[in-house]
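Visitor: Questions regarding the structure given below will be posed in turn.
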Amino acid sequence: MKEGLYIHIPYCRRKCGYCGFTSYPLPAGNVPDELIDLLLQEMRFYEERLGRLDVDTVFIGGGTPSLLAPSQFERLMKGVRQCFDVAEDAEITSEANPDSLSEEVLAAMAESGINRLSMGAQSLDNTLLSLLGRIHDRDGFLRAYERAAAAGFDNINIDLMFGLPMQTYDQWMSTLRETAALGPSHLSLYTIQLEEGTPFYEAYRNGKLDLPAVSLDRQMYHDAAAFLRSQGMEHYEISNFARPGAHCRHNLKYWDMTPFIGIGPSAASYMENRRYQNPADLHAWKECIGSGRLAFDTAAAEGTDDAMEIFCFTSLRTATGLDTQKFKKWFGISLEEAYQKEPPPVDQWIGQGLLRKENTRLILTEKGIDVSNEIMSAFMR
């Protein structure tokens, strides 16, 4: 089994009002070289402790990785290959914002081995983009996508958001149809989340931000899913759609509990039965790496109960669902035995059309997706 590698670039030109991810504003200039030095040092620490791990997916996220200078992409990917055995057919993804995806950056990405892009469009409506605090506009995204395709990238994900303040159904479906017509291999659709501590959260709490009704949000989601399926895309995870063969291999590791290492501030890892996270604060993370410490060193082994909960939670997000036979193989007891004290009402959910059973699998229905948090939380003890 090969591991995944995640690398966090914690800088953006400007932080969006809804964003709860760890990132810091970098209004001008390139990402500091010190960050690359520290990322490479953290990788070397893992090599010292665990040896050269076999990696077949790399995901560079953020923040805005496309803010890296061409030479920084080269250094970073060279360092990855020095510390890990990267498979020849590895999926290597970089997130990118349209405003920073220049021809020079695209060329550097391709030359360094990046073969998949994840572009944050969010919307094709300029009014909504301005409301979200995005730097790019509609035309800027379309030009960036055209540049990426011309540079030879044929495996491109596009992130889109629905359920936004002031967003209408027609605006959403227009954006979706136009985006799908570009021919991306993958689309990720996210309803807006109000993350505590963000300007959007504070505005909503103070009554200055209105969101669409839940019924409209759900109509946007289900009609989008039906449209994308009609276009030949596979709905393989609650928020993700892909052309056949273009499922994101890296994200699948998160959902099927394959080990992965996270490098950089706030990056999470799951290695040697330990689940842990780096300090989110940039300075705290720098201090740890500067003193030769890894979060891995002090992380406790994951308890069986925690592992069972995460297995169920992540499995139910996928189109293949929760495999009860695989559960028993992993944990040595059946799902019913594991939850005999507080059994989730599986039969009731099936009767209500929220779950369906296919052989040994429990799978959320379209109706069940609307209450997925409630269903998945029932497996959290």
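Visitor: Give the order of 236, 18, 204 when sorted by the count of other beta carbons within 10 angstrom, beginning with the fewest.
Guide: 204, 236, 18
Visitor: Go through 79-85, 225-231 and give me the packing order, highest mean Cβ count within 10 Å leading.
Guide: Most protected by this proxy first, the peptides run 79-85, 225-231.
Visitor: I need the peptides 150-157, 291-298, 114-121, 179-186 ranked by packing, meaning the mean over residues of other C-beta atoms within 10 angstrom, with the highest value on top.
Guide: 114-121, 179-186, 150-157, 291-298
Visitor: Give, as ranges by residue number, the residues of the range 249-278 whose backbone N falls under 16 Å from the point 7 Å along Cα→Cβ of residue 49.
Guide: 259-278
Visitor: Calculate the dipole size of the chain relative to its Cα centre from +1 charges on Lys and Arg beta carbons and -1 charges on Asp and Glu beta carbons; express the result in debye to the nearest 20. Kindly include the intermediate steps, with their values, before the conclusion.
Guide: Working: 37 positive and 53 negative charges, 53 e Å.
Using only the charged Cβ atoms, the result is roughly 260 debye.
Visitor: Let me ask something else about it. Compute the length gained on full extension between residue 190 and residue 230: take 0.36 nm times their separation in residues and subtract their Cα-Cα distance, giving the result in nm to one decimal.
Guide: 12.5 nm
Visitor: Then there's this: Counting other beta carbons within 10 Å of each Cβ, put 130, 372 in order, fewest first.
Guide: Working: 130 12, 372 15.
Arranged by neighbour count, lowest to highest, 130, 372 become 130, 372.
Visitor: Right, here's the next one. Under the 0.36 nm per residue contour assumption, what length would be gained going from the current alpha-carbon distance of residue 283 and residue 168 to full extension?
Guide: Gain on extension, residue 283 to residue 168, equals 37.3 nm.
Visitor: Using only alpha-carbon positions, what ratio does the radius of gyration of the range 99-258 give when scaled by 2.2 N^0.38 Å?
Guide: 1.08
Visitor: Residues in the range 19-37, backbone N under 17 Å from the label point at residue 268 (7 Å along the Cα-to-beta-carbon vector): list them, ranges by number please.
Guide: Flagged as within label range: 20-23.
Visitor: Modelled label-to-label distance, residue 256 and residue 243, 7 Å Cα→beta-carbon offset: nm?
Guide: Taking the two extended label points, one gets 2.2 nm.
Visitor: If you work out Cα Rg over 2.2 N^0.38 Å from the coordinates, which of (i) 1.18; (ii) 1.41; (iii) 1.00 do you get?
Guide: (iii)
Visitor: Something else now. What does the convex hull of the alpha-carbon atoms of the range 304-377 project to on average, in nm²?
Guide: Its Cα hull, projected and averaged over all orientations, spans 4.5 nm².
Visitor: To the nearest 0.05, what FRET efficiency results for residue 330 and residue 143 with a Förster distance of 41 Å applied to their C-beta separation?
Guide: Result of the calculation: an efficiency of 0.30.
Visitor: Let me check against my output: what whole-number percent is the relative contact order of the range 1-71, with C-alpha pairs under 8 Å and at least 6 apart?
Guide: About 55 percent, as a whole number.
Visitor: Let me ask you something else. Of 27, 57, 171, which is farthest along the charge dipole of the range 3-255 in the positive direction, counting Lys and Arg as +1 and Asp and Glu as -1 at C-beta?
Guide: About the Cα centre, the residue reaching furthest to the positive side is 171.
Visitor: No partner Cβ under 4.7 angstrom, meaning no disulfide-compatible partner by this rule: which Cys of the chain qualify?
Guide: If one checks each Cβ against the other cysteines of the chain, 12, 83, 248, 288, 312 turn up with nothing under 4.7 Å.
Visitor: If you take the Cα Rg of the range 96-190 and divide it by 2.2 N^0.38 Å, with N the number of residues, what do you get?
Guide: My calculation over the Cα atoms of the range 96-190 gives 1.06.
Visitor: I need to check one value: relative contact order of the chain, counting alpha carbon pairs closer than 8 Å and at least 6 residues apart, in percent.
Guide: RCO, the chain: 15 percent.
Visitor: Here's a follow-up. What spacing in nm lies between the two simple spin-label points modelled at residue 320 and residue 356, each 7 Å away from Cα in the Cβ direction?
Guide: Using points 7 Å along Cα→Cβ, the separation is 1.8 nm.
Each reported figure results from applying straightforward, stated rules to the coordinates on display, with no laboratory input. All figures in this text were calculated on a predicted structure; none of them were measured in a lab. So basically every Cβ, Gly included, is an ideal-geometry build from the backbone, and we count neighbours across all protein chains shown.
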